[in-house]
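K.L.:
Quick one: the structure is below, questions incoming.
The values are calculated or read from the model by the stated rules, or taken from the named source; none is laboratory data. The model shown is predicted, which means the values in this text are computed figures rather than measured ones. Cβ placement follows ideal geometry from the backbone for every residue including glycine, while neighbour counts extend to all protein chains displayed. Side chains included, ligands, DNA and RNA excluded: accessible areas come from the protein's heavy atoms. Shrake-Rupley method; radii C 1.70, N 1.55, O 1.52, S 1.80 Å.
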Amino acid sequence: MLKFFSLTLLVLSTGVLAKTFEVTPEQDLQSILNQTHSGDIVNLMPGTFKGNYVIKKSITLSSSSKTAPAIIDAMGQGNGLKLLNSNITISNLNIKNWGDDLTEQNAGIYSDQQSTHITLNHNRLSGSGFGIWLQKSKHVKIHNNIISGNLKLRSADRGNGIQLSSVQKAHVFENEISKVRDGLYIIASQHNLIEKNTMHELRYGVHYMYSHDNTVKYNTAYNTRAGYALMSSRRLIISGNKTTDSEDYGFLLNFITASTFSNNIIKNVWTKPENKVLGREGKGLFVYNSGYNTITGNMVDTAEIGIHLTAGSEKTTVYGNSFINNPIQVKYVVNREEEWSKDGKGNYWSNYLGWDLDNTGTGDTPFEPNDGIDKIIWQYPEAKVLLDSPAIILLRWVQKQFPVLKPSGVKDSYPLMQVPLKLNSHLTAKATIEDTL
């Protein structure tokens, strides 16, 4: 009775009785898609459907079997699925072998129409072009997909895993993306939530351009050139993310303003020996031409440079972070003193040699990571060969004995004596620092 009542409501509300189509590989799938009406369900039986398919109606396209998903083989050209409407769901399909023409935006699932309520979930996509390309869409859900690219191509010749262009209110979560160019590329898109995705073996895990009011949290990136490359955007919330084994950057912040970076874990950022050139070093946090941001509660462990700020990156609030085992903790050339603490709370520095005689949890003397010698080496890298010379050792001693001779730079007046134990539940089950290292 309840089923009949629901069916009656569906007929009254749409004027058309929704149908379910069971399609085998021997049938003409495109012809059946053209016959559908809004609300219909098209279930693909196990097997391979060869071609490039266009969906013009608001329908659900999925596999009839979860254990043996139907395969859509685009035969090396064009898009696997092209969406031309709103309220479309693509679920539990295996889409592969679409085109590799990046200029033509070849993708496994492609939509460049103004649309709303696109849902893409539990699909497996593998190909050389873009995995998923959505443009001009609102209220999008992309989750639990597995997307992989083609390692036989140069990184620059591969498409991105998920590309969102002029998209608003998208929720992208629990996807795994690998072997593409950038895992998630978001451009000119607002009010989106990117969370709990895993990205590896690619250039950038998450790449932002000209996008505002976005939240990126609880994502994991590893084996990348940069875990997160965030550019020309403002009012971002970047929290609880993890990046390990990056070659150039853990986080790259380029022209980022009014944003918060908190409780992220950055580990092992080191340029490979075969790629070493003068001036190329792994940077845990690289902040370029960015200001009015807050950096707090983050951990940077084993990067060639813990944090590097340059090109006018001022008015940055830095406190409550942990800088561990970084040969150079801070690289920042500035003409005035920058205080890196807030309300009596500074940062933890693994090379801080001070004491806490009053047992307050902060050091009795400030921590100043750089001196005039450091700045000379940054300006004239060739001078590194003199670092262990008696003259340099004497100059460092003189600067310590006569602070008036020390140039302005970063100063942490309240260095923490222990690593803060506040960790993210998605990264560790135990609230001890040893579990994250």
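K.L.:
Regarding residue 293, is this residue in contact (Cβ under 8 Å) with a residue 40 or more places away in the chain and polar (S, T, N, Q)?
P.N.:
Considered against the rule, which asks whether it is in contact (Cβ under 8 Å) with a residue 40 or more places away in the chain and polar (S, T, N, Q), residue 293 comes out as yes.
K.L.:
Quick check, is residue 102 touching a residue at least 24 places away in the same chain (Cβ under 8 Å) and in contact with a Lys or Arg (Cβ under 6 Å, 6 or more places away or on another chain)?
P.N.:
no
K.L.:
Hey, another quick one. Which fully enclosed strands (runs of 3 or more DSSP E) of the range 37-101 have 3 or more residues being in contact with a Phe, Trp or Tyr (Cβ under 8 Å, 6 or more places away or on another chain)?
P.N.:
Those strands (runs of 3 or more DSSP E) span 41-44, 71-73, 81-83.
K.L.:
For residue 273, only one of the following conditions fails: (1) within 23 Å of residue 240 (Cα to Cα); (2) open to solvent by 20 Å² or more (accessible area, probe 1.4 Å). What is its number?
P.N.:
(1)
K.L.:
Follow-up. Taking the range 14-40 as the search range and keeping residues that are touching a strand residue (DSSP E or B) at 6+ places or on another chain (Cβ under 6 Å) and open to solvent by 60 Å² or more (accessible area, probe 1.4 Å), which one is farthest from residue 66 (Cα to Cα)?
P.N.:
Selected residue: 20.
K.L.:
Among the residues of the range 217-238, is there at least one that is aromatic (Phe, Trp, Tyr) and farther than 19 Å from residue 172 by Cα?
P.N.:
No, the range 217-238 contains no residue that is aromatic (Phe, Trp, Tyr) and farther than 19 Å from residue 172 by Cα.
K.L.:
Which of the numbered conditions does residue 330 fail, given that it passes all the others? Conditions: (1) modelled with pLDDT under 90; (2) of a type in the set (A, V, I, L, M); (3) not in a loop (DSSP other than H, G, I, E, B).
P.N.:
Going through the list (1) modelled with pLDDT under 90; (2) of a type in the set (A, V, I, L, M); (3) not in a loop (DSSP other than H, G, I, E, B), residue 330 breaks only (1).
Residue by residue, here is whether (1) out of contact with any Gly (no Cβ under 7 Å at 6 or more places or on another chain); (2) on the phi > 0 side of the Ramachandran plot; (3) not hydroxyl-bearing (Ser, Thr, Tyr) holds:
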residue	(1), (2), (3)
109	no, no, yes
117	yes, yes, yes
129	no, no, yes
135	yes, no, yes
138	yes, no, yes
148	yes, no, no
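K.L.:
Among residues belonging to the range 227-246 that are open to solvent by less than 10 Å² (accessible area, probe 1.4 Å) and of a type in the set (S, T, N, Q), point out the one that is nearest to residue 213 (Cα to Cα).
P.N.:
Of everything passing the filter in the range 227-246, 233 is nearest to residue 213 (Cα to Cα).
K.L.:
Can you tell me which of 139, 171 is surrounded by fewer than 23 Cβ atoms within 10 Å (Cβ to Cβ) and farther than 18 Å from residue 196 by Cβ?
P.N.:
Checking each option against the conditions leaves just 139.
K.L.:
So which of 268, 293 ends up being at pLDDT 95 or above and open to solvent by less than 20 Å² (accessible area, probe 1.4 Å)?
P.N.:
293
K.L.:
What's the number of the condition residue 162 fails, among (1) farther than 18 Å from residue 51 by Cβ; (2) open to solvent by 10 Å² or more (accessible area, probe 1.4 Å); (3) of a type in the set (A, V, I, L, M, F, W, C)?
P.N.:
Every condition holds for residue 162 apart from (2).
K.L.:
Please specify each residue of the range 296-313 satisfying the condition of being within 14 Å of residue 330 (Cα to Cα) and modelled with pLDDT under 90.
P.N.:
Residues of the range 296-313 that are within 14 Å of residue 330 (Cα to Cα), as a first pass: 299-310, 313.
Scanning the range 296-313 gives 309, 310, 313.
K.L.:
Here's something else I'd like to know. So which residues in the range 296-344 are among the β-branched types (Val, Ile, Thr), within 23 Å of residue 364 (Cα to Cα) and open to solvent by less than 10 Å² (accessible area, probe 1.4 Å)?
P.N.:
Within the range 296-344, 318, 330 meet the criteria.
K.L.:
Note down all Cβ pairs under 6 Å where the first residue falls in the range 257-279 and is within 26 Å of residue 210 (Cβ to Cβ), the second is basic (Lys, Arg), and they're at least six residues apart or on different chains.
P.N.:
Matching pairs, first to second residue: 257/234; 258/234; 258/235.
K.L.:
Moving on to the next point. Report, by residue number, each residue of the range 174-204 that is of a type in the set (S, T, N, Q) and surrounded by fewer than 24 Cβ atoms within 10 Å (Cβ to Cβ).
P.N.:
Filtering the range 174-204 down to residues of a type in the set (S, T, N, Q) leaves 175, 178, 189-190, 192, 197-198.
Residues satisfying the conditions are 178, 190, 192, 198.
K.L.:
Quick check, is residue 221 assigned to a strand (DSSP E or B), in contact with an Asp or Glu (Cβ under 6 Å, 6 or more places away or on another chain) and either closer than 24 Å to residue 144 by Cα or not hydroxyl-bearing (Ser, Thr, Tyr) (or both)? Let's see the steps before the verdict.
P.N.:
Details: assigned to a strand (DSSP E or B): yes; in contact with an Asp or Glu (Cβ under 6 Å, 6 or more places away or on another chain): no; either closer than 24 Å to residue 144 by Cα or not hydroxyl-bearing (Ser, Thr, Tyr) (or both): yes.
The answer is no for residue 221.
K.L.:
Name, by its number, the condition in (1) open to solvent by less than 40 Å² (accessible area, probe 1.4 Å); (2) out of contact with any Gly (no Cβ under 6 Å at 6 or more places or on another chain) that does not hold for residue 249.
P.N.:
(1) is the only condition that residue 249 fails.
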